[in-house]
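Data block below; observations after.
Every number in this text was worked out from the coordinates using simple rules, so none of it is lab data. Every value quoted in this text rests on a predicted model; they were computed, and no experiment measured them. Here the Cβ is made from the backbone with ideal geometry for all residues, glycine too, and neighbour counts use every protein chain on show.
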Amino acid sequence: MNRILVPCDFSPQAMSAVKMAAEIATQSGSSLYILNVVEVPIMHDSMLMPTLSFEEETMNELRNNADKQFEKIKNDFKSIPLVTDMLYGSPAVIIIDYIGDKQIDLVVMGTKGASGLKELFIGSNAEKIVRSAICPVITVRKEVSPKTIRNIVVPNSLEPDQEVFITKLKQLQQMLKATLHIVWINTPANFTPDNITLVKMKDFAMRYMLVNYTLNIYNDLEEKSGVINFAKAKEADMIAMGTHGRKGISHLLIGSIAEDVVNHVELPIWTTHLDAHK
C-alpha cells in the first residue's frame, strides 16, 4: 500500500478520518493525500456550458480557508509524506476520478450517514464512494485508532470467486493484527439449515486458508439488521464487507447491504468490491 486518500471537508468526522489514515500511513510507510472538494452551485440554463454562480471573492475565501486547514494538518503530521489538493465539482464524481488518477490504494473517509428519504433518493457521499471506488474504503463516524481494532466482523454469502476480496481482507487483518469473525446471516427469505451452512463455511475457510478466525451463523429477519446485531453481540471494532457496487434500478430495488451498513453503523466499515481487480 503506497497511497492513502482522505476526502476532507474539515468536519469532525473528516478530521477523525485524517487521524486514522495518518496512523495507517505511518505504520505502512504510505503517502497521505488530503482532498477538499467544493461543491459549487451551477446555473442550469445551459446543459453544455454550465456557469459557476460563485463570485470570485467567495472562491478565494474558500481557497484561503482550505489552505489554512491544510497547513495545520501538515504541521500535525510532519513525518508523513503528504499531498493536499482542492478541487471544485460534484464530490463523489471528483473523488472517484481522483482515486483513479492518483492510483490510490485505500480511501479513509468520514461520514455522518443518511436516513429516510435522503438516503433513498440522494444517499451519502460515502455510500457513493463505496459503490464506485476501485480500491478498499474505510468509513468512520468518530475517532478510532487502528491499534484498537482487534475484532473484525465479516458478513459473507460464501459465494465463489472471492479471491480478490479475501486477499485484500487478509492484508487488512495482517495490518491490524485482528481476528476475523466470519458470519452467515440466516434470514427467513434466505434460510439454510445450520448443518449445511457450517459445512460451507468450513470449506470456505479452508479454501482461502484463513487464519485467526471464527465461523458464525446468526439468525435475523433481514441481512442488514443481522449484520448490525451480530456486530454488537461480538463487540466488534470494525465490519468488513464486499460489495458488488450495484447502480441504478438494480441498486434501488435490490440494494447493497454494504452501503446500507455504511449509512447506519457507527463502527469503522471497511469495504471493497467483490469483483475488483486492482
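Under a Cβ-only charge scheme (Lys and Arg +1, Asp and Glu -1), can you give me the dipole magnitude of region 146-273 about the Cα centre, in debye to the nearest 20?
420 debye
Given the peptides 134-145, 74-85, arrange them by the average over their residues of other C-beta atoms within 10 Å, most packed first.
Order by mean packing, descending: 134-145, 74-85.
Short version: ³J(HN,Hα) in whole Hz for each residue of region 146-157, in order, from phi by Karplus 6.51 cos²θ - 1.76 cosθ + 1.60 (θ = phi - 60°), x for Gly and Pro, what are they?
x, 5, 8, 8, 10, 10, 10, 7, 10, x, 8, 8
Evaluate the distance, in nm, between pseudo-label points positioned 7 Å from the Cα of D85 and of N64 along their respective Cα→Cβ axes.
2.6 nm
For each pair in K74/K224; K202/K224; K19/K200; K170/K200; K78/K177; K72/K234, compute the distance between the two Cα atoms and list the pairs where it is over 31 Å.
Long pairs (Cα-Cα over 31 Å): K74/K224; K19/K200; K72/K234.
Can you pull the one-decimal nm distance between simple spin-label points at M175 and N75, each 7 Å off the Cα toward Cβ?
2.9 nm
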